[in-house]
Amino acid sequence: MIKIKLYIVSVLFLNSFFLFAQDRLHNDKLFAVEIKATAAKFKEERNFNKAQKFFREKNWDSTLVYSMKQLSLNRNEELKNFCYYFRGTSFKEKKLFKEAKKEFNQVSANFRYAYKVKINLGEIALEQSDFKKALQYFQEIEKLPVSTSYNIYRSNILHNIGLCYLHLEKFDKSEEYLFKGATLQEKEKDTLMLISSYMDIANLYYTQYKDSQAIPYFEKAYHLSKKTNSFNLKKTAALNMAVVEENRKNFPLALMYRKELETWKDSLNDQNKVWAIADLEKKFAVKQKQKEVDVLAAENKVKKAERNGFLISSVLLLILFGTGVYFYRQKIKNNKIILAQKNELDELNATKDKLFSIVSHDLRSSVNALKVSNGKLIENLENKNFAELDVLLHNNSTIANGAYNLLDNLLNWALLQTQQAYFYQESLHLATIVQHVEYNYKPLMLNKNIDFKNEVTGSDYVFADLDSLKIIIRNFLDNAIKFSNENGSILIYSRPASEDFCYLVIEDTGLGMSKATREELLKETILLSKKKNDEIIGTGLGMQLCKSMIHKNGGKLDIESEENSGTKIIIALQKFKNHG
């Protein structure tokens, strides 16, 4: 069963490369030049010129609109063929394969790029698992003579033929064509497609239980993926190696590949979050500029009022004194309001600048630490120092987890500040929520040998927003782990509830804090906390986020702690009274 699972995972992944191969055809310089030449030849055809421009820019929706407008005119056979080709490609890129086939089939057999149509139809058939039909199209392309008249990446055609035979279980034929394709890809130095070929060759042997022939190609694909920037490739190569080692009962090495797989998954997630934060920062900057414009507009209004007052006072001497006093008072009042707003904006900007400065520093430190650790990881991997590899992998996991939590907190804080966060209070079973959060942190607690107990009363139901409650518990549990020593303990339990509140307590035996620190953390105005230990990442953003979310849920926060004696975080949450 494991071998079958491995085969399916790899093949599904490789299907994405067919679009990649076709994408290279679209970008081929000769084809682009030919399209431009055709557009210049028919420069009076405005719809065709717009269609080909959008096609080269890969703006598929606009390509469909203007190619259809051109076809409605029904003027020239050559232009019609180009437009049908544009439309077929656009539908294919949008995964609308039925419509794509319909458009491609409208292209005349006399079209000088008819062979490209067959390549596209073959790839669509392969995508739809119609392997016999796909094989028929690719074999027609294979028979074309090697000539500059045909702009064909033959390594891709050979690879696709081999893949069709593999699905049809004609293994001898599949082996022949996959090796032909791989040989050409090696000459062309096409690293991405070569990795896919190695994986398919490995799957070919693995499906036939020829492990000794399959495993070297899995290893080749894995090592070659290290040289690419594709996280998807790295992830798939690591997954294949993990399953191979599990089949060979080499579980420590399989675990190493599984951890590497999780690292690449986290890298993809972190990238997405970074882009989301960048978008929020852009929106925030626009809002700040708008505030500055509003302040300038208010100042201009004051100046205009003053000018009008002086003009009136020069004409009406009897009203001069009264008018002067009135505008003077208005000026003082407006200036005070503007000054207060300016001071408030300056304070907020300074605080947020400080926040982003510290967050940037911590992220840079984390990424640099991860970079250094990965360098050591590669060195120890080459030296097969597995004991040191295990230490480095755990270290990488800790660094990545800290940076991930920092980014997640920053994103949630930004959503809260811009009032874009979804918030819905409902009845929640407290013990279940704690259990869900606890599950994600068990590996970190095991790494520090922390004794953890969940003793939340099963009868407690609270009235709160699910997502914000998870963020609150997650941050406080993360802090408890971070500030706990090796072999420490963490206990989560609920105190006896009052009529209106349930009390959730997160208690640890860690470093603790002084009374001054407790009071500072509980202040409503505090945003950033100072670091006493450079090895512990902390901006205070998590605490500020938790306080804001507790307050939004109608709850309260209290802290009981002494230095070197551990900490108790006490969260008062509204009780859900109508629960049956």
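The values are calculated or read from the model by the stated rules, or taken from the named source; none is laboratory data. Since the structure is predicted, the reported quantities are computational estimates derived from the model, not experimental observations. When we count neighbours, we look across all protein chains shown, and the Cβ atoms used for this are built from the backbone with ideal geometry, even at glycine.
Tabulated values for the structure
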quantity	calculated
Odd one out for Ser427 among (1) modelled with pLDDT of 90 or more; (2) buried (at least 16 other Cβ atoms within 10 Å of the Cβ); (3) in contact with a strand residue (DSSP E or B) (Cβ under 6 Å, 6 or more places away or on another chain)	(2)
Of all residues making up the stretch 168-191, the number that are surrounded by 19 or more Cβ atoms within 10 Å (Cβ to Cβ), outside any helix (DSSP H, G or I) and either modelled with pLDDT of 80 or more or polar (S, T, N, Q) (or both)	0
Failed item in (1) within 25 Å of Phe138 (Cβ to Cβ); (2) buried (at least 18 other Cβ atoms within 10 Å of the Cβ), with Asn110 passing the rest	(2)
Test result for Lys5, modelled with pLDDT of 85 or more and farther than 24 Å from Glu142 by Cα	no
Criterion (of a type outside the set (D, E, K, R) and at pLDDT below 70) met by exactly one of Leu363, Leu377, Leu392	Leu363
Tabulated pairs, the stretch 367-387, first touching a residue at least 40 places away in the same chain (Cβ under 8 Å), second in a helix (DSSP H, G or I) and loosely packed, with under 11 Cβ neighbours inside 10 Å, C-beta under 8 angstrom, 6+ apart or interchain	Phe386/Pro252
Residue ID - nearest to the chain's Cα centre (by Cα), chosen from residues in the stretch 453-471 that are buried (at least 20 other Cβ atoms within 10 Å of the Cβ) and part of a helix (DSSP H, G or I)	Ile471
Residue ID - farthest from Ala32 (Cα to Cα), chosen from residues in the stretch 110-134 that are without any contact (Cβ under 8 Å) to a residue 24 or more places away in the chain and in contact with a Phe, Trp or Tyr (Cβ under 8 Å, 6 or more places away or on another chain)	Ala125
Thr228 vs. criteria touching a helix residue (DSSP H, G or I) at 6+ places or on another chain (Cβ under 8 Å) and outside any helix (DSSP H, G or I)	yes
The listed residue being outside any loop (DSSP other than H, G, I, E, B), assigned by TED's automatic domain parsing to the domain that holds Glu562, over 33 Å from the mean Cα position of the chain (by Cα) and surrounded by 12 or more Cβ atoms within 10 Å (Cβ to Cβ), out of Arg518, Arg474	Arg518
Candidates Ser197, Ser155 - the one that is surrounded by fewer than 24 Cβ atoms within 10 Å (Cβ to Cβ), in contact (Cβ under 8 Å) with a residue 12 or more places away in the chain, within 24 Å of Ala125 (Cβ to Cβ) and touching a Gly at 6+ places or on another chain (Cβ under 7 Å)	Ser155
Long-range neighbours under 8 Å by Cβ, at least six apart or interchain, first residue touching a residue at least 40 places away in the same chain (Cβ under 8 Å) within the stretch 255-268, second exposed (fewer than 15 other Cβ atoms within 10 Å of the Cβ)	Met256/Phe386
Tally of residues being in a helix (DSSP H, G or I) and surrounded by fewer than 24 Cβ atoms within 10 Å (Cβ to Cβ) across the stretch 205-220	11
Unmet criterion (only one of (1) surrounded by fewer than 15 Cβ atoms within 10 Å (Cβ to Cβ); (2) more than 32 Å from the chain's Cα centre (by Cα)) for Gln128	(2)
Whichever residue in the stretch 185-230 is among the aromatic types (Phe, Trp, Tyr) and at negative phi and, among such residues, is nearest to the chain's Cα centre (by Cα)	Tyr222
